[in-house]
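To start, the structure under review is shown below, and the notes come after it.
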Amino acid sequence: MARHVVAPVSEIAPGTSKIVDVAGRSIGIFNVKGEFYALINRCPHEGAPLCIGFVLGRFTADRPGAYRLERHGEMLRCPWHGWEFDIKTGQSWCHPESVKARTYNVEVVPGEALAKGPFVAETVPVAVEQNYVVLDL
């Protein structure tokens, strides 16, 4: 499994997302309260660009008229047909038993862990002969 650096943490503030292309796939990276999640940018229902949909919460009710907003910023609504998906798991709330958007593992890694040194530049001998620069390989 290949790892891909997609953005600095500062580029995806809490409550926002960024769509990136990685290995031919369009993927949405979401920052939900400081935690990062990734979903394929394709709704499994009809193929819509899922990650451009609205990010919202989930309304629940114990009885008629007693609504409460829960899981604020954790749900994603498809822009074409309104199907809702859990950003953390990809699970569909329209057909939870059979439909799921593909998710990908995401982690925050310090920059120095991505590129540990010491680095040594390759050098090659160079000489000046009769006013020409000659490179030895």
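The values are calculated or read from the model by the stated rules, or taken from the named source; none is laboratory data. Computed from a predicted structure; not experimentally measured. FYI the Cβ positions are ideal-geometry reconstructions off the backbone, even for glycines, and counts take in every protein chain you see.
Could you tell me which residue of the range 40-90 is farthest from ALA23 (Cα to Cα), considering only residues that are of a type in the set (S, T, N, Q) and touching a strand residue (DSSP E or B) at 6+ places or on another chain (Cβ under 6 Å)?
Per the stated criteria, the residue is THR60.
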Residue in the range 42-60 that is basic (Lys, Arg), modelled with pLDDT of 90 or more, surrounded by fewer than 18 Cβ atoms within 10 Å (Cβ to Cβ) and over 17 Å from TRP93 (Cβ atoms) present
no
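I need the full set of residues from the range 1-27 which are more than 8 Å from the chain's Cα centre (by Cα), part of a strand (DSSP E or B) and either without any contact (Cβ under 8 Å) to a residue 24 or more places away in the chain or loosely packed, with under 11 Cβ neighbours inside 10 Å (or both), in order please.
Our first condition is that a residue be more than 8 Å from the chain's Cα centre (by Cα); within the range 1-27, this holds for 1-5, 7-16, 21-26.
From what's left, part of a strand (DSSP E or B): 21-22, 25-26.
The answer is ASP21, VAL22, ARG25.
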Note on the range 23-60: residues more than 16 Å from GLU84 (Cβ to Cβ) and of a type in the set (A, V, I, L, M) are ALA23, ILE27, ILE29, ALA38
